[in-house]
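To keep things clear, I will list the structure first and then write my remarks on it.
The values are calculated or read from the model by the stated rules, or taken from the named source; none is laboratory data. Fair warning: this is a prediction, and the values are worked out from it, not measured in the lab. Virtual Cβ from ideal backbone geometry, glycine too; neighbours counted across all protein chains shown. Just the protein is used for accessible areas: all its heavy atoms, side chains included, with ligands, DNA and RNA removed. Shrake-Rupley method; radii C 1.70, N 1.55, O 1.52, S 1.80 Å.
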Amino acid sequence: MARLSVSNVSKSFGDVPVLIDQSLEVADGEFVALLGPSGCGKSTLLQIINGLTSVDSGRVVLDGQDVTGKSGSGRGMVFQGADLFPWRSAIENVAFGLEVMGVGKAERLSRAREYLHLVGLKGFEDAWPHQLSGGMQQRVGIARAFCVRPKLLLMDEPFGALDVQTRDILQDELVRIWEAERKMVLFVTHGIEEALYLADRILVFSKRPARVLKEIVVPFDRPRRETMKLAPEFLELRREISELLRHDITA
Amino acid sequence: MRVPRLAVNALGVGLALAGWQIAGSGLGDALVATPVQVAAALVDTIRDGSLWPALWSMGWQMMVGYLAAMAVGVPLGVAMGRSDVVLSVVKPWAQMFIVVSAAAIVPLFIILMGRGVLFCTSIVFVATVWYVVATMTEAARGVSPKLLNVARSFAASDFQRFRYVILPALHPFVLIAARIGLVHALRAMITAEMFISAGFGGLLNNAGLDLSTAPLFGLIVILMALSVGATSLLRWAAHRSAPWYASRTNA
């Protein structure tokens, strides 16, 4: 059983403490949203879990293996602005992780093609990133992270730069893809509705230095449908979280 | 109504030529030869046996200095852009040399090296290399840290980040540096040859002593055609080899 365990992580940038003694656990196949105001430190936590940022203290353990400060191995990251390599075609972008791992060309391209199709970009294999719309670029970004078959998918406000319609579509797509290949997901967002719609569990973070204000187990069944965003229970939870965050920011 | 761009270009050239013809008719060919006279002189120069050997000797000596400048300038510029140590060691020299015109160092180089191949190629090298270095330094400093981070999140090693991110990101700038360098190489070569009255620069020098300015203008037209031809060729090569960059900048 795959599982992520983050224990007692602290991080400061210079004199500014960003995270103080934070811990979290993610169970196999669980979709967890990290929700909080912009700049609170939740992205830093994600980067620490990804191994891109070092910790001052604490440990990140994935499947019993200490991966603190080490990137790669079992984790795939989707970045906010997609951040595709402009000199690589869509399929070559998706195959990037496999190329780094030393997988042969024929195999990595065939696997990349499979994931490009999964995200609905059949026929765009040879397109350059600048020829794709923002939403399509992020589909490639998602395929790139899935293509290394990570146990843990890390998503840093992946839909933050997209317009509302595209975001709604991609949220549904993400759920569809994730249900096809169930893995642990940590999804950083400042969108309350997004977190409620996508996640099994939400960790609501305070303003900086980030700490968990509240843990919410989302009570809605899967598969989730667009219409649930208007259900009274959904709206009530949304209002509750919104108040929690507002109270913290003005406190 | 949209006027075709080529027609506008042709109209501009036509007007300039007409103005030149009128001015030349008024001032006489000792001061300003008319386009008609220049065209006639151009034909004479091309028929005369001395042009082709002059162009050849200029061409190959310039290419030696130019290619050496590229071979040294590109790696040095990249090293300066990626390493603060190299930058602080080399930058003062680069700044000093880049403001000194080729003509100013020619006398010193004649004293040091005489008037042979070594002299010409050295002048070209010194006059070109710092422009290549400056272009590549800026390019290397501009490599996206986000994309380097993406590579890092896929556990790419230092070498892999260089190979898969820095090198492809720099590729279009190598071709830009090649273009800028070529223009400076050609200028330096002409300057050097004018000092030692050899090759194409020598022809220019002699033509300057003529009673008519027509042959001089003819040589200048050849020089311009060469320079424009060579830089266009390099631009075409850049578009062919990095279509992602070309189409992005044209958009």
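A quick yes/no check of all residues on (1) aromatic (Phe, Trp, Tyr); (2) touching a Gly at 6+ places or on another chain (Cβ under 7 Å):
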{"site": "B:Leu76", "(1), (2)": "no, no"}
{"site": "B:Ala94", "(1), (2)": "no, no"}
{"site": "B:Val99", "(1), (2)": "no, no"}
{"site": "B:Met113", "(1), (2)": "no, no"}
{"site": "B:Gly116", "(1), (2)": "no, no"}
{"site": "B:Val129", "(1), (2)": "no, yes"}
{"site": "B:Thr135", "(1), (2)": "no, yes"}
{"site": "B:Asn149", "(1), (2)": "no, no"}
{"site": "B:Phe162", "(1), (2)": "yes, no"}
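Let's see how each residue does on (1) hydroxyl-bearing (Ser, Thr, Tyr); (2) in contact (Cβ under 8 Å) with a residue 60 or more places away in the chain:
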residue: A:Val55; (1), (2): no, no
residue: A:Ser71; (1), (2): yes, no
residue: A:Gly81; (1), (2): no, yes
residue: A:Trp87; (1), (2): no, no
residue: A:Val94; (1), (2): no, no
residue: A:Leu98; (1), (2): no, no
residue: A:Lys105; (1), (2): no, no
Residue that is surrounded by the most Cβ atoms within 10 Å (Cβ to Cβ) [pool: residues in the stretch B:138-149 that are within 9 Å of another protein chain (Cβ to nearest Cβ) and part of a helix (DSSP H, G or I)]: B:Leu147
Filter pass, B:Leu170 being farther than 30 Å from B:Ala104 by Cα, in the same structural domain as B:Ala103 (by TED's automatic domain parsing) and within 20 Å of the chain's Cα centre (by Cα): yes
Of all residues in the stretch B:114-137 being hydroxyl-bearing (Ser, Thr, Tyr) and more than 15 Å from the chain's Cα centre (by Cα), the one that is surrounded by the fewest Cβ atoms within 10 Å (Cβ to Cβ): B:Ser122
Test: A:Ala112 is of a type in the set (A, V, I, L, M), open to solvent by 60 Å² or more (accessible area, probe 1.4 Å) and part of a helix (DSSP H, G or I): no
Long-range neighbours under 9 Å by Cβ, at least six apart or interchain, first residue farther than 14 Å from B:Ala188 by Cα within the stretch B:86-106, second surrounded by 11 or more Cβ atoms within 10 Å (Cβ to Cβ) and of a type in the set (Lys, Arg): B:Leu87/B:Arg141
Scope the stretch B:153-181; condition crowded, with 22+ Cβ neighbours inside 10 Å and in contact with a Ser or Thr (Cβ under 6 Å, 6 or more places away or on another chain); matching residues: B:Ser153, B:Ala177, B:Gly181
From the options B:Arg187, B:Arg163, residue that is within 30 Å of A:Ile48 (Cβ to Cβ), part of a helix (DSSP H, G or I) and among the basic types (Lys, Arg): B:Arg163
Tally of residues being touching a residue at least 40 places away in the same chain (Cβ under 8 Å), away from chain A (no Cβ under 12 Å) and not basic (Lys, Arg) across the stretch B:150-182: 8
Criterion (modelled with pLDDT of 90 or more and assigned by TED's automatic domain parsing to the domain that holds A:Gly29) met by exactly one of A:Leu245, A:Leu186: A:Leu186
Per-region count, the stretch B:79-96, residues buried (at least 16 other Cβ atoms within 10 Å of the Cβ) and within 20 Å of the chain's Cα centre (by Cα): 1
Answer from A:Ala95, A:Ala127, A:Ala90, A:Ala82 - the residue that is within 12 Å of chain B (Cβ to nearest Cβ) and under 30 Å from A:Phe13 (Cβ atoms): A:Ala82
Top-ranked residue in the stretch A:98-119 [being touching a Cys at 6+ places or on another chain (Cβ under 8 Å) and of a type in the set (A, V, I, L, M, F, W, C); ranked as farthest from the other protein chains (Cβ to nearest Cβ)]: A:Ala112
Pairs with Cβ under 6 Å, 6+ apart, first in the stretch B:14-32 and in contact (Cβ under 8 Å) with a residue 12 or more places away in the chain and closer than 23 Å to B:Leu209 by Cβ, second surrounded by 11 or more Cβ atoms within 10 Å (Cβ to Cβ) and not β-branched (Val, Ile, Thr): B:Trp20/B:Pro35; B:Gly24/B:Ala33; B:Asp29/B:Gln37; B:Asp29/B:Ser212; B:Asp29/B:Ala214; B:Val32/B:Ala23; B:Val32/B:Gly24
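Go through the stretch A:18-105 and tell me which strands (runs of 3 or more DSSP E), entirely inside it, have 2 or more residues that are out of contact with any Phe, Trp or Tyr (no Cβ under 9 Å at 6 or more places or on another chain) and surrounded by fewer than 17 Cβ atoms within 10 Å (Cβ to Cβ).
A:57-62
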Failed condition for A:Leu162, given (1) out of contact with any strand residue (DSSP E or B) (no Cβ under 9 Å at 6 or more places or on another chain); (2) under 19 Å from A:Gly72 (Cα atoms): (2)
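Give the residue that is farthest from A:Glu99 (Cα to Cα), with candidates limited to residues of the stretch A:114-164 that are among the β-branched types (Val, Ile, Thr) and in contact with a helix residue (DSSP H, G or I) (Cβ under 9 Å, 6 or more places away or on another chain). Before you say what the answer is, go through the steps one by one.
Initially, the stretch A:114-164 is screened for residues among the β-branched types (Val, Ile, Thr), giving A:119, A:140, A:142, A:148, A:164.
Retained after the next criterion (residues that are in contact with a helix residue (DSSP H, G or I) (Cβ under 9 Å, 6 or more places away or on another chain)): A:119, A:140, A:142, A:148.
On the way: A:Val119: 20, A:Val140: 16, A:Ile142: 17, A:Val148: 10 Å.
Looking at the filtered set, the residue picked out is A:Val119.
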Counted residues, the stretch B:49-63 - those being open to solvent by 80 Å² or more (accessible area, probe 1.4 Å) and either closer than 18 Å to B:Ala192 by Cα or of a type in the set (Asp, Glu) (or both): 2
